[in-house]
Structure formats: C-alpha cells, structure tokens
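Take a look at the structure below.
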Amino acid sequence: MVNQTAEAGTLIILGMPSPEVLEARLNSIGSMPRRLVIVDPQADTALADYPDAERIAAAVSEVDGEAEMTFYSIAGLRSFAPPTADLKTLFPGLKIRRTAMVSAISVPSLVAQLGDLPEPLRIWIDMPGEEMKLLAGLQAAGLLGKVAEVVLRCGVESFFEGAEDCATLQGWLAQEAFDLIETDATDPDFLDLWLHGNPLQRRVSALEEEITTRDKQLAERSEALKAAQAQADERGQGIAARDK
C-alpha cells in the first residue's frame, strides 16, 4: 500500500477504475497528497484504507441532480451514454446488467464545494464517455489551467455515443498546455494517459492572450477616436456653413 504520510498537494479522483488499476496508480505517486477527494456514486465504499479521504457520492455530470447510469456486464464498465458499434464489436457479448439513477454534481458545483485546493493539483479521470465534457467543464470553471497532472483513462475508439477517442482527447489537452508523459497500455483498448501541465507553454499562452486583449482594446480606442474626429469634423463643417 502507498505510504500514507501526507505531502503537499491535492488528488481528485473522478470516477473509479478497477481496484488493481487504482492501487497501481497510488503506488506510482509514492506518498499520499495532503488532500484526497473521491467523487463517484460509490465513493462511500472506495479506498477504505484511507479514512481521511473526502468522499462525494455523486457522478460528475453537466447538471446537478440525478442522472441515469448504465452498468454493463463487463466488470467496472459504467456510463451515462449508450455504447457505440465499436464497443459492441470489441465485446460481442456485452449486456446491460442494470440501470440506476445516481446523484449528479456539475463541475461548477464541485469546484465551489471543494474550495481551496493545495497545489500541486492532480486529477484522475475514469468517466467512460464523459471525458471531453468533463475536461471542457474543468476548463470553463478555470480549474484545468491549475492542474499539474491529469491521468485519463480513455478508449482507443469512440466507445460511447458523443465520446472522443484517446488521440482526440490527447490532442485537445496538448492545446491546453499538457504534455503526454506516459501511456499505460496494460489494457490495449482502454489506455491510461499520464499528462503533465507545461508551465512555460501556459505562460506563453497567457502572454498571447494579454497581447490579443490589448490589441483589441487599442483597435476599439482607435475606432472611438475616429468616430469622435468624424463628429468634430461634422460640427466644424456645420459651423462654417452657418458663418457664410
């Protein structure tokens, strides 16, 4: 088991992988961060060896309230979205084991509930079919740019309706200043992508955004000056016409 001596930082686990995968990930980081948050409908029973973990028994979704989750015959496979033909081809005997309404929490509500998050911040995501929506939500909430590490479990194909495959997700994260550090292909169909935030790229992006904002402001001021000058010229012409 991982050393439970707390170190600085926060680890947020969104969705639960298999116990074996989770234990391997925890062992890879050496010591537990000061703050461990588990967000999953079954969070209350997860990681019983870590009594100090904060547990939010809900699935991250686009809205607050409840959402219907489907549990499949493949151990640990759950989703909000229907499977695609690619998943059915991969698992010809795939069946729905059950569906259930689970508590749902939106990203803005989750961020507000969590409050201050000691850095470095890690986020591990195991939300089949919801990866892109979740990442976009973290970006919109202003949290993604503060994340030092993302571990993302994703399909090599689009296995759920509306979902993106690993290559697309990695490309999107690259645009958000995340570098791919490692790919765990223990399961060749569902990869674990380990990505680290690139501070230099983030700074460059921030400077480019500042320049774009300033250029826009200068353009707006220039247009305002032109409009004011046009009005002044028009008044001057009117005065000259009256004085004739």
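The values are calculated or read from the model by the stated rules, or taken from the named source; none is laboratory data. The structure displayed is predicted, hence computed values, not measured ones. Cβ atoms come from the backbone with ideal geometry, glycine included; neighbour counts cover every protein chain shown.
Quick rundown of the values:
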{"quantity": "Set ALA8, ALA53: member being touching a Leu at 6+ places or on another chain (Cβ under 6 Å), surrounded by fewer than 20 Cβ atoms within 10 Å (Cβ to Cβ), under 20 Å from LEU121 (Cβ atoms) and assigned by TED's automatic domain parsing to the domain that holds MET132", "calculated": "ALA53"}
{"quantity": "Residue count for the range 141-175, restricted to those that are free of Cβ contacts under 8 Å to residues at least 40 places away in the same chain and among the acidic types (Asp, Glu)", "calculated": "2"}
{"quantity": "In the range 34-45, the residues that are crowded, with 19+ Cβ neighbours inside 10 Å and without any contact (Cβ under 8 Å) to a residue 40 or more places away in the chain", "calculated": "LEU36, ILE38, ASP40, ALA43"}
{"quantity": "Hey, LEU26 under 19 Å from the mean Cα position of the chain (by Cα), surrounded by 15 or more Cβ atoms within 10 Å (Cβ to Cβ) and not in a loop (DSSP other than H, G, I, E, B) or not", "calculated": "no"}
{"quantity": "Filtered residues of the range 151-196 (kept if of a type in the set (Asp, Glu) and touching a Cys at 6+ places or on another chain (Cβ under 9 Å))", "calculated": "GLU157, GLU164, ASP165, ASP192"}
{"quantity": "Test: residue in the range 72-92 that is out of contact with any Ser or Thr (no Cβ under 8 Å at 6 or more places or on another chain), farther than 26 Å from SER158 by Cβ and in contact (Cβ under 8 Å) with a residue 12 or more places away in the chain", "calculated": "no"}
{"quantity": "Conditions (1) polar (S, T, N, Q); (2) more than 30 Å from GLY129 (Cβ to Cβ); (3) in contact with a helix residue (DSSP H, G or I) (Cβ under 9 Å, 6 or more places away or on another chain): number failed by THR213", "calculated": "(3)"}
{"quantity": "In the range 25-40, residue farthest from ALA185 (Cα to Cα) [restricted to those that are at pLDDT below 90 and hydrophobic (A, V, I, L, M, F, W, C)]", "calculated": "MET32"}
{"quantity": "Test: residue in the range 203-212 that is part of a strand (DSSP E or B), surrounded by 14 or more Cβ atoms within 10 Å (Cβ to Cβ) and under 24 Å from the mean Cα position of the chain (by Cα)", "calculated": "no"}
{"quantity": "Count of the range 123-146 residues which are of a type in the set (D, E, K, R) and surrounded by fewer than 23 Cβ atoms within 10 Å (Cβ to Cβ)", "calculated": "2"}
{"quantity": "Scope the range 78-122; condition surrounded by 18 or more Cβ atoms within 10 Å (Cβ to Cβ) and within 23 Å of PRO188 (Cα to Cα); matching residues", "calculated": "ARG78, SER79, PHE80, PRO83, THR84, LEU87"}
{"quantity": "Residue in the range 231-244 that is within 15 Å of the chain's Cα centre (by Cα), on the phi < 0 side of the Ramachandran plot and either among the hydroxyl-bearing types (Ser, Thr, Tyr) or modelled with pLDDT under 80 (or both) present", "calculated": "no"}
{"quantity": "ASP179, sole failed condition from (1) under 20 Å from VAL147 (Cβ atoms); (2) modelled with pLDDT under 75", "calculated": "(2)"}
